[in-house]
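The values are calculated or read from the model by the stated rules, or taken from the named source; none is laboratory data. The shown structure was predicted, so the numbers you read here are calculated from the model rather than taken from an experiment. A quick note on method: Cβ atoms are made from the backbone with ideal geometry, for glycine too, and the neighbour counts reach across all protein chains shown.
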Amino acid sequence: MNPTISLALLVCFCMTTVLAMKDMMRKSIVFDKNTPDVFYCPIQKPSGMEKLIVKARPLKKLCEFEGQPLPEDYKSDCYQDVDESNYACKEKYRIMMRTAPPGSEKPFENKRLARFLDVDKEFYIAAMEEKKNEDTTENAKKKRSKSKKRT
C-alpha cells in the first residue's frame, strides 16, 4: 500500500480515537432522577463506560463557577475538572429546567443559574402582561354586570 495512504489512515484512526475519548469524558457526568440531589462524575481516567469509577457529588457543585475561570487553588474531585466543563453546565441547565423551571415557585437551592435570569425576566414580564389582561377582562365583566343591574 502507498505510504501516504497508510499515514493518512493512521492519522484518521488516531483522530477518531481521540474524539471518542473526549466524547466519553464529556458524557461521563451522570444524573439519576432517583437521587436528585447528587450527580456522579469519574474520579480517574475511564477506559470504557462499563469500567467507569464515579463519585457522588452534591448537585450544587456541578458547574459551580458557571463557565468562569477556575480559581488557582480550586481542586475538583472529578477527573480533569469535568464537573466544570461546558457540557457540565449544559447538563446542570437541563437538570434544573426539569426540577425547577423558570418561573417555578421555588428555585433550585434558592438560586438561579445566570442563564436563567433572562428567561425568568421574560417569564415575569409575560406573567404580568397576562395578569393585566385578566384584570382588564374582569373589570370589563364587572362593568357590564353593573350596567345590566341598573337597567
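From the residues in segment 21-32 that are at pLDDT below 85 and in a loop (DSSP other than H, G, I, E, B), which one is nearest to residue 95 (Cα to Cα)?
Among those residues, the one meeting the criterion is 29.
Please enumerate the residues belonging to segment 33-62 that are out of contact with any Ser or Thr (no Cβ under 8 Å at 6 or more places or on another chain) and part of a loop (DSSP other than H, G, I, E, B).
Correct list: 33, 34, 35, 37, 43, 44, 45, 47, 48, 53, 62.
Mind telling me which of the residues 81, 73, 120, 135 ends up being in a helix (DSSP H, G or I) and at pLDDT 85 or above?
81
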